[in-house]
Amino acid sequence: MNYSIVIPAYNEADKISSSLTQAVNFMKIFTDTFEIIVVDDGSKDATAAIVEEYSVENPEVRVIRNSHKGKGFAVLTGMNAAVGDLIYMADADLSAPMSELKKLAIWVIDQNFDIAIASREGIGAERVGEPFYRHMMGRVFNLMIQIIALPGIRDSQCGFKLFRGSVAKDIFKRMRIYGKNMKELDKPYTGAWDVEVLYLAKKLGYNVKQVPIVWTHVKTTRVSAVRDSVKMAFDVLKIRLNDLMGLYNTAK
């Protein structure tokens, strides 16, 4: 299997069919073999049922039903299930079009990077339609992340990342905050799982390439910008604390 596409989804019934059609159509042209794994994060709508119906005529697509434990645990579930040589994590809204995968793949396949992450910052990056206040909140949060955990990573939170399959397996099995012990949630939560993943990647010595992409803001009511930002900030502090306590095993 050349590629696995992991798509975490929570209450995406209004757009998941369209996103899957875009993904399938692109991947059929882009590569010989692929799978698309939608991990349903305990949706209260028909997201999982829609994906199951879609998969009848598109056998490359399958759904995994999770209890509602947040985006980080959904991504972990998908990474564990993926069998591709390369594993691409994409948001269900495809706010970065599937064609941006080409840019990331060049750095992993041709330039021998272990991970390529989409970045909405830097020369060549473009943000379309993002409200000013959301952009400023994101930049302040990123500054905190760079100071505490990931110096030099200008956009850890963009939801599009490409991993070598073996690298993804190695990193995700070591997650502590967003790992297998995640508790069930009563509200949607995106979390700072990206920070824990990239922190582990750096600690393990994997090389990470930041790739500027075109990204379009998609309005959502599933995330509370203030409440979630505060909780995510505490999670970032926990990541550093976990490391200081020796909880991240760095033996490859």
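Rule-based calculations on the coordinates, nothing more; no lab input. Since we're looking at a predicted model, the values are computed, not measured. A quick note on method: Cβ atoms are made from the backbone with ideal geometry, for glycine too, and the neighbour counts reach across all protein chains shown.
Extents of the chain, taken as max minus min of Cα coordinates on every principal axis and listed largest first, are 49, 41, 36 Å. Could you calculate the FRET efficiency of Asn249 with Thr21 from 1/(1 + (r/R0)^6), where r is the beta carbon distance between them and R0 is 30 Å, rounded to 0.05? My answer for the efficiency is 0.15.
I'd like to compare 235-242, 76-83: which one has the highest average count of other Cβ atoms within 10 Å, and what's the full order after that?
Final packing ranking: 76-83, 235-242.
Applying the criteria of a DSSP loop state and at most 14 other Cβ atoms within 10 Å to the trypsin sites (Lys or Arg not before Pro) of region 28-126 yields Lys44.
For the pair Lys28 and Ser55, a Förster radius of 22 Å applied to the C-beta separation gives a FRET efficiency near 0.90, rounded to the nearest 0.05. Once the piece of chain linking Lys231 and Asp45 is laid out straight, how much longer is it, given 0.36 nm per residue of separation minus the C-alpha distance between them? Stretched fully, the Lys231-Asp45 segment lengthens by 64.4 nm. With both labels modelled 7 Å from their Cα along Cα-to-Cβ, the His217 to Asn112 distance reads 4.1 nm. Taking amide hydrogens as placed 1.01 Å from N in the peptide plane, the amide H of Ile64 sits under 5 Å from those of Val38, Val39, Asp40, each at least 5 positions away in sequence or on another chain. Within the shell defined by Cβ-Cβ distances under 15 Å, the residues around Ile153 carry a net charge of +3, with Lys and Arg each +1 and Asp and Glu each -1. Stretching the chain fully between Ile123 and Asn207 yields a gain of 28.2 nm (0.36 nm per residue, less the alpha carbon separation). Placing a label point 7 Å from the Cα of Ser67 along the Cα-to-Cβ direction, the residues of region 159-176 with a backbone N closer than 20 Å are 175-176. Under the simplified labelling scheme, the Arg176-Met136 pair shows an inter-label distance of 3.6 nm, with each label point 7 Å from Cα along Cα→Cβ.
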